[in-house]
Amino acid sequence: MAAARTIWRTIAIGAGAFVGLAALLVGTAFWLDARYPPVLDRYLDRSAIVLDRDGQLLRAFTASDGTWRLKATVDDVSPLYLALLQAYEDKRFRRHLGIDPLSTARAFGQMVRHGGVVSGASTLTMQAVRLLEPRPRTFGSKLIEMARALQLEAHYSKDEILGIYLTLAPFGGNLEGVRAASLAYFGKEPKLLTPGEAALLVALPQSPTRLRPDRFPQAARHARDRVLMRIAAAGALDPLAAREATEQPTPATRQPLPFRAPHLAERLLAENRGQEVLRSTIDGRLQAGLEELADRSLRGLDASSNLAAVVVENATGRVVGYLGSGTFFEERRDGQMDLARAVRSPGSALKPFIYGMGFEDRIILPETVVLDLPMRFGDYAPTNFDPGYSGEVSVREALQRSLNIPAVQMLDHVGPARFAARLRQAGAPLRFDDPTVLPSLAVALGGGGTTLLDLVRLYAGIARGGVLPDLVWRADAPPSGQDGPHILDASAAWYVTDILASAPPPVAMADPGLMRDGRRIAFKTGTSYGFRDAWAIGFDAEHTIGVWVGRPDGSPSPDRFGRNTAAPLLFRAFALLPPPARDVVGPAPSGTPVVRAEDLPPRLKRLASGPVSLAPLPALAGLEPLSIAFPADGAAVERPRDGDRFASLSLVAIGGRRPFLWMVDGRPIPSSPLKRDTDWTPPGPGAAQITVIDATGATATARVWLR
């Protein structure tokens, strides 16, 4: 009996000791877990990314250590890749608790039998630990990794642990994570990997430096094929698919990660510090088209010139296309400057708003007559862009032709200070070199600075019936409503739209066939003093687009003005958009007078001149009838030779009004629109029909024979 009690006492003491030891171990584990929680610093130091409105990558930024480390979850990669990864690296990943006892026992037995490491026992969880906290490969480090693996499994789900591995796995150079690797090596998201591509990305982390496919293609291919064969043998991949995958080449180069809308991406990042994923309003396909258009267009400009463009949805205010410059990396073009935000002279681009305020004040209607004659406004005597004056013209014609004198006269009635205040209240203030100087009549012709963004927003306001949008940059932001400030009332906005939409395209504009869908565009061009800035801003029923072309340093380009440089880009940008569902000019708003010239009431038939004086009329040089001085019509021209080729032939026009467009046999030839002469290199002997067209549409033709 005593012996039995002794046995039970011993058992009880042993059990108590075991429970106490277990409690001590559990308590110690909890204390250690609280004292040394999982270190996720490397995992949390990830690349910030900017997406388009559909979630596609526009641009990524490196992490703080200069590494491309894009977050990846199991939902971001193809199930095929996950299956290959687990089959190759850790086939019991879903069943163990961070340590695989079977793999550990196997590896230990092999080490004892062979006297060294034959195969590893690291699970994917242990590899995630090693990626989070890199340590020297020692026995002590392995024990820490095992403990940390148990800790990770206690804190995170299997998918979350996989996410750590998918984000931190090394792939050579400064690439970490399967998403960065897939984009850099294959130019695609990891959801779209083929078996061969997935196998290569399974193999690379084993030795990322030695297996880089862009540097060691043979080693990379062998490693990929080894993964394919082993997985096929294990039944995780169809053997035929594996064999076909081994026949595919490995990537020979590393591709740059997507780099679209870089200026916009930088601004979004700067304004949203700490946010890893920023979803923009950019339409990815449109943005790609704009960037291709810019690339083509820059080839036709001098090496110091650049361009910018902005596309806005009228109804929502969302910015769906954005070119801060036509090229980001060309230093000589100052490509990293965001030229859409640069303050420049708008030239004539503000004239529609001046006339719009006149419509609001009911001092003019579109058919009201204004004078286009030399006028002096105190000490200010503006001139027209083109030489000469047209006398009496309607407001409609004055705005369509962008005549300077009527616009200045209109601003004199509206008041330059009042006009500047309207723009300021609209959130688009004019900038002056001396902010203490009051706005003057020169504002009508570009005598105050603005930005492309401001102009696009102002024109979008016209398209919205006078209601200005708030520009929206992030997809998660609410769209702009109809309760914003007004730039014009509804009737004035309709008048301006009707006038701009019925303006004939300038002679040097884009091919008429560009708008084959029949859409009409209400547009206005502008050229700043000294030919420093060329503008074109336009809208249809659904979108507003603005284009600027010039030199970032503000130096002049004498052959560049809005009609021949920016307007063709504007029309080509509209051609990238689907046709709108309705015409840009809708029904006139209720209460809007639509009156023919002969039916105008007396006070609206003619705009009073006001306190101005007619200046002496200058000689109307250049207004004699347009003709071709050389070669003469019907002339036979001896073949000018330059070795075995025809030399250039000088073409000279007299009379007419600049700009000029030269054509040979119905095809435009390169020329400087402001010059009366140009050179043409004949392709060979024979007949040629030479035509010149001036700004009024007048033509002159010379038919010559080259011998």
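Readers should treat all values here as calculations from the given coordinates under stated rules, not as data from a laboratory. Computed from a predicted model, the values in this text were never measured in an experiment. Please note: Cβ atoms are built from the backbone with ideal geometry, for glycine as well, and neighbour counts cover all protein chains shown.
One decimal place: the segment THR62-SER141 gains 25.5 nm when fully extended, by the rule 0.36 nm per residue minus the C-alpha distance. Placing a label point 7 Å from the Cα of MET663 along the Cα-to-Cβ line, no residue of region 544-571 has its backbone N under 16 Å from it. Taking amide H atoms as placed 1.01 Å from N in the peptide plane, the amide H of ASP533 lies under 5 Å from those of SER528, each 5 or more residues away in sequence or on another chain.
If you wrap region 397-452 in the convex hull of its Cα atoms and look at it from every side, the mean projected area works out to 4.2 nm².
If a/c stays under 1.5 just call it rounded; otherwise compare a/b with b/c (prolate if a/b is bigger, oblate if not). Do that for region 440-504, with a ≥ b ≥ c from the square roots of the Cα gyration tensor eigenvalues. Verdict is oblate for region 440-504. For the chain, the membrane-span-like helices by this rule, meaning whole DSSP H stretches whose C-alpha atoms cover at least 20 Å of axis and whose Kyte-Doolittle mean is 1.0 or above, are 2-35; this says nothing about an actual membrane.
When the charge dipole of the chain is built from unit charges on Cβ atoms (+1 for Lys and Arg, -1 for Asp and Glu) and taken about the Cα centre, the candidate among GLY546, ALA417, PRO439 whose Cα reaches farthest toward its positive end is GLY546. Peptides 239-250, 361-372 ranked from most to least packed give 361-372, 239-250, packing being the mean of other C-beta atoms within 10 angstrom over each peptide's residues. The charge dipole of region 67-246, taken about the Cα centre with unit charges on the Cβ atoms of Lys, Arg (+1) and Asp, Glu (-1), comes to about 520 debye, rounded to the nearest 20. Legend: Rg and Dmax of region 376-517, from Cα coordinates, 17.2, 54 Å. Length gained on full extension, ASP476 to ASP238, computed as 0.36 nm times the residue gap minus the Cα-Cα distance: 81.4 nm. Rounded to whole numbers, the Karplus 3J(HN,Hα) couplings from phi for region 670-681 are x, 7, 9, x, 8, 9, 8, 10, 7, 10, 9, 9 Hz, using 6.51 cos²θ - 1.76 cosθ + 1.60 with θ = phi - 60°, and x at Gly and Pro. Provide, in order from the shortest bin, the percent of all Cα-Cα pairs of region 240-283 in each 5 Å bin, continuing until the bin that contains the maximum pair distance. All Cα pairs, binned at 5 Å, distribute as 5, 15, 18, 12, 9, 8, 8, 12, 9, 4, 0 percent. With a simple spin-label model that places each label point 7 Å from the Cα along the Cα-to-Cβ direction, the separation between ASP553 and ALA581 comes to 5.0 nm. Short-range pairs are left out: with C-alpha atoms under 8 Å and at least six residues apart, the relative contact order of the chain is 10 percent.
Counted over region 256-403 with a bin width of 10 Å, the fraction of Cα pairs per bin, in whole percents, is 9, 26, 25, 21, 15, 4, 0. For LYS675 and ARG285, the FRET efficiency from 1/(1 + (r/R0)^6), where r spans their Cβ atoms and R0 equals 51 Å, is about 0.80. The ranking of VAL594, VAL312, VAL414 by Cβ neighbour count inside 10 Å, starting from the fewest, reads VAL594, VAL414, VAL312.
Taking only the alpha-carbon positions of the chain and ignoring solvent, what does the Debye formula give for the base-10 log of I(q)/I(0) at q = 0.10 Å⁻¹? Evaluating at q = 0.10 Å⁻¹ gives log10 I(q)/I(0) of -1.00.
Basic side chains Lys and Arg get +1 at the Cβ, acidic Asp and Glu get -1 at the Cβ, and with that the dipole of region 435-569 about its Cα centre reaches some 300 debye.
The modelled label-to-label distance between THR253 and ASP295, using points 7 Å beyond Cα along the C-beta direction, is 1.2 nm.
With K and R counted +1 and D and E -1, the other residues having a Cβ less than 12 Å from that of ARG137 yield a net charge of +2.
Taking amide H positions as modeled 1.01 Å from N, with prolines and chain starts lacking one, the residues under 5 Å from GLY449 and 5 or more places away or on another chain are ARG431, PHE432. Spin-label pair GLU276-LYS158: with each label point 7 Å from Cα along the Cα-Cβ axis, the two points sit 2.3 nm from one another. Over region 285-331, one equal point on each Cα, no solvent: what is log10 I(q)/I(0) by the Debye formula at q = 0.13, 0.28, 0.32 Å⁻¹? Here log10 of I(q) over I(0) equals -0.32, -1.03, -1.21.
Helical content alone sets the calculated 222 nm signal of the chain at -10500 deg cm²/dmol, taking -39,500 (n - 2.57) per DSSP H segment of four or more residues and averaging over every residue.
Over all Cα atoms in region 67-246, the spread is summed up by Rg and Dmax: 15.9, 46 Å. If the chain linking HIS413 and SER650 were pulled fully straight, counting 0.36 nm for each residue of separation and taking away their Cα-Cα distance, it would gain 80.6 nm. Above 16 Å, the calculated P(r) of region 627-706 contains 46 percent of its Cα-Cα pairs.
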